[in-house]
Amino acid sequence: MQRLAKVLFFGLLVKPLVLIVLGLNVRGRERLPSHGPAVIAANHNSHLDVLVLMSLFPLSQLHRVRPVAAADYFLRNPFISWFSRTCISIIPIDRSGHAEQDTLFSDCQQALDQNAILIIFPEGSRGDPEKIGKIRKGIFYLLKERLDTPIVPVVMHGLGRALPRGEALLVPFNCDVVVGEPLPRPESAAQLTRQLGEAFTAQLEQCVTRQEAD
């Protein structure tokens with residue numbers, strides 16, 4: 001039932017919305033992982049980010065794609081909790097800072113064991129539109145024992161204007177999605193944050209909408 005609801009939601013609503021309303025320029029789509037375990041590490045400016053990313057996958061693969069999302073926001077009431085778990089199949093994570101590391105990532109580890117493709121926003125929360133925020137170290141601790149799990153950096157540009165933080169009205173804007181090559185295996189959290197920062201900066205340079213704005 002959950003898998004069917006997810007396919008119907010994306011097939012009937014999200015994919016047509018992305019195709020018709022948003023002018024989406026996608027580069028490196030072939031680099032998206034076709035199977036798990038894998039992690040997509042993306043910048044985060046809008047609630048559209050996760051929907052656009054998931055819409056790039058074939059419907060037949062969507063059941064593998066699991067966004068990691070803030071429990072305090074996406075489980076804040078029964079309806080949003082049901083929708084987030086059923087139609088998007090989020091993995092809720094405690095961002096209060098009180099959870100033990102093993103407990104914090106246990107659901108993520110279980111999903112990776114089941115060959116899921118996780119979507120993670122290493123900035124931790126939505127930042128200012130079209131700006132890269134501080135990259136946090138949690139993704140390193142999630143994957144430090146998982147040498148089999150590639151990290152694929154993805155940069156999106158323009159979605160922060162199409163659906164700005166705090167707004168409910170979608171504004172049609174051209175948007176970019178640039179998928180990078182999997183990152184080399186980092187030896188430390190600092191190295192991973194540096195690699196992601198460098199990858200995001202290089203990918204932003206490829207965004208047509210950023211060049212037009214400049």
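Points worth noting:
- Region 80-117, subset in contact with a Cys (Cβ under 9 Å, 6 or more places away or on another chain) and within 17 Å of H44 (Cβ to Cβ), residue modelled with the lowest pLDDT: I93
- In region 102-124, the residues that are at positive phi and of a type outside the set (S, T, Y) reach residues that are part of a strand (DSSP E or B) and buried (at least 21 other Cβ atoms within 10 Å of the Cβ) with C-beta atoms within less than 9 angstrom, at least six apart or across chains, in these pairs: N115/A38.
- Every residue from region 2-55 that is among the polar types (S, T, N, Q), buried (at least 21 other Cβ atoms within 10 Å of the Cβ) and modelled with pLDDT of 90 or more: N43, S55
- One residue alone among I151, I120, I135 is aliphatic (A, V, I, L, M), modelled with pLDDT under 90 and closer than 17 Å to T193 by Cβ, and that residue is I135.
- Annotation for region 166-174: no member residue is in a loop (DSSP other than H, G, I, E, B), surrounded by fewer than 15 Cβ atoms within 10 Å (Cβ to Cβ), of a type outside the set (D, E, K, R) and modelled with pLDDT of 90 or more.
The values are calculated or read from the model by the stated rules, or taken from the named source; none is laboratory data. The model shown is predicted, which means the values in this text are computed figures rather than measured ones. Here the Cβ is made from the backbone with ideal geometry for all residues, glycine too, and neighbour counts use every protein chain on show.
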